[in-house]
1. Which value, in Å³ per residue, describes the convex hull spanned by the Cα atoms of the chain?
2. Under 8 Å for C-alpha pairs, at least 6 residues apart: give me the relative contact order for segment 1-80, rounded to a whole percent.
3. I'd like to compare 41-49, 59-67, 87-95: which one has the highest average count of other Cβ atoms within 10 Å, and what's the full order after that?
4. Hey, what angle do you get for helix 83-110 against the long axis of the chain, alpha-carbon based, 0 to 90 degrees rounded to 10?
5. What full-extension length gain, to one decimal in nm, is calculated for residue 93 and residue 49 as 0.36 nm per residue of separation minus the Cα-Cα distance?
6. For helix 56-65, what angle does its Cα long axis make with the longest principal axis of the chain, in degrees from 0 to 90 and rounded to 10?
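Any read-out appearing in this document is the output of simple, stated calculations on the displayed coordinates, not a laboratory observation. Model, not experiment: these values are computed from the prediction. Neighbour counts are summed over all protein chains in view; Cβ atoms, including those assigned to glycine, are modelled from backbone coordinates with ideal geometry.
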């Protein structure tokens, strides 16, 4: 998955097949299920097989038949799909860096 500047693109490593202009997608059981600007798809990551669907109804039917719909909640991704992971890392990094001077100060106070 990447965004070279013209929208989200998926390149399957198995066969170098690409799916362009992806609007939204989710990952489930070694599959990537999503919607492009023109159609819908189900991509099998291990085999590289991509099934495309022109209609929402047939896509939903294929998802149900393949049992590729999470039972409780589907975490859909969109354009900036790494945002939350990067923010979590940044928050952890900031907390650790800001706590070091505080720990140093407390350590010096306790050793007086």
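1. It is 148 Å³ per residue.
2. That works out to 24 percent.
3. Values: 41-49: 15.8, 59-67: 13.6, 87-95: 10.0.
Per-residue Cβ counts within 10 Å, averaged per peptide and sorted highest first, yield 41-49, 59-67, 87-95.
4. Between helix and principal axis, roughly 10 degrees.
5. Details: separation 44, 0.36 × 44 = 15.84 nm, distance 3.91 nm.
Value of the extension gain: 11.9 nm.
6. It is inclined by approximately 80 degrees.
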